[in-house]
1. Let me check against my output: what whole-number percent is the relative contact order of the chain, with C-alpha pairs under 8 Å and at least 6 apart?
2. Working from the pairwise distances between different alpha carbons, so that the mean of 1/r is found and then inverted, what is segment 338-419's Kirkwood radius in Å?
3. Put +1 on the Cβ of each Lys and Arg and -1 on the Cβ of each Asp and Glu in the chain; which of T65, S284, S209 then has its Cα farthest toward the positive end of the dipole?
4. Using only the C-alpha atoms of segment 45-162, find the volume of their convex hull and express it per residue in Å³.
5. How long are the semi-axes of the ellipsoid equivalent to segment 68-125, from square roots of 5 times the Cα gyration tensor eigenvalues, in whole Å, largest first?
6. Relative to the Cα centre, what is the charge dipole magnitude of segment 351-459, using +1 at the beta carbon of each Lys and Arg, -1 at the beta carbon of each Asp and Glu, and rounding to the nearest 20 debye?
7. Search the structure for amide H atoms under 5 Å from the amide H of K390, placed 1.01 Å from N in the peptide plane, and list their residues when 5 or more places away or on another chain.
8. Using a cut-off of 23 Å between alpha-carbon atoms, which lysines can reach K307, once sequence neighbours fewer than 8 places away in the same chain are excluded?
Amino acid sequence: MSTLLVRNCTLLVTMDEQRREIPNGGLFVRDGFIEQVGPSEQLPAYADEVLDLSDHLVLPGLVNTHHHFYQTLTRVVPQAQNVNLFNWLKTLYPIWARLTPEDVRTSTQTALCELALSGCTTAADQLYLFPNGSKLDDEIEAALQVGLRLHASRGSMSLGESQGGLPPDSVVEEEERILRDSQRLIEQYHDPNPGSMLQIVLAPCSPFSVTSDLMRQSANLARQYGVRLHTHLAETQDEEQFCLQKFGYRPVEYMEKVNWLGEDVWFAHSVYVNDAEIEIYRSSGCGVAHCPTSNMRLASGIAPIVKMLLRGVKVGLGVDGSASNDGSNLLEEARQAMLVARLKAGLEGASLSQDQAPPLMTARQALEIATRGGAAVLGRNDIGSLEVGKCADFIAIHLNRLEYAGALHDPVAAVVFCAPVRVDYTVVGGRFVVRSGRMVNVDEAELVQRHNEAARRLLSGE
């Protein structure tokens, strides 16, 4: 049995039911779970390891609900810099078709290190193409070394151009193979227990890249095994038109037809949803992964997140792929979520009186989406807040730094309003992943060199 005592935090933000923020707070951790939370003077005096966090803000670990790790290898590709989603995809599909198993491993570690250094402790990733012998196992094996919790989504594409889909036939798979491999991965890796470090998700890519039959069969398989379902939905107006023309339904209605509504489902983006569709999300229990940077980068639009929150829809944050965000910084994503929600409120309230104008998202709301919200979207009740019995997943940020100068009258708001910084500590289940601003389990310099070599080869076609 191992114990960790965290004490003397300038402010400990619990995100518990009462949303307590404890001055001079701390935690006592035993075997990866929180045993006590409160003022430092009320905690035990000794532990196997004692971490003094004077001058630090402590938060629950952030939860990333949507990503594509492999895309770190194709950041800022010139031909894909200034186009919308469909053209962006068509530009990058042929490059992604060159991915190797080693590329998947390298990009996984790059993305996870970026996430860890930005305060993320749990990440959901969707890998949906498997060229040249690549498998989801490659991602899983690489992630174990980094130390973050992983929801590894077995993505898929089966609807190639020859069948009226968007991706080229070279990157799609046979549906029988997809379902067989999905079952294998669940049986081999999925851990549903409290404190789980690895869960499997079934995640057909999007309405324009898989068939209706695969959507239905994936839903049946997921529910047979009790795992969650994830896909992109209502991201762009192009997608809406595709669904209307091919299936005769808007995206959300199409999900209903293929049995993809329920507490076990979450959708990435949901930019183009109307009031009735938001109500469907609420009543069915579907969650949403909000990806503001990607939506701005690809000129997709602004999702009605505040309206969803007011209606009681589960909302988490996603950095999305590192080729449609060009980064994997989850703390920055919380800031972007707050700012773009305020922009939307300003645009919608321009002609309204002050008492009728939409509310502005607060910094604490943005952090709540990034913590409690993400945990709810992933169906996890053991993470997302610092409470007795929950996983000891937390981050700490030193407050005496240039970026926060003059802002410490409200350090919680400062981490969202001010420029995003590297966190100083990231701890997952009581184990250090980031210590003093550096990765514990990965050599950053070696990883960057390996990643750059892989990216150059991938883009050159060698």
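A short reminder: the numbers here are calculations on the coordinates, not readings from a lab. Since we're looking at a predicted model, the values are computed, not measured. Note that each Cβ is placed from the backbone with ideal geometry, even for glycine, and that neighbours are counted across all protein chains shown.
1. Values: 1048 pairs, mean separation 95.0, N = 462.
Relative contact order for the chain comes out at 21 percent.
2. Values: mean 1/r = 0.0662 Å⁻¹.
With all distinct Cα pairs of segment 338-419 included, I get 15.1 Å.
3. S284
4. Values: hull volume 16.9 nm³, N = 118.
In segment 45-162, the Cα hull volume divided by residue count equals 143 Å³.
5. Working: eigenvalues 104, 42, 16 Å².
So the three semi-axes of segment 68-125 are 23, 14, 9 Å.
6. On the way: 12 positive and 12 negative charges, 63 e Å.
For this selection, approximately 300 debye.
7. I34
8. Straight-line reach from K307, under 23 Å: K344.
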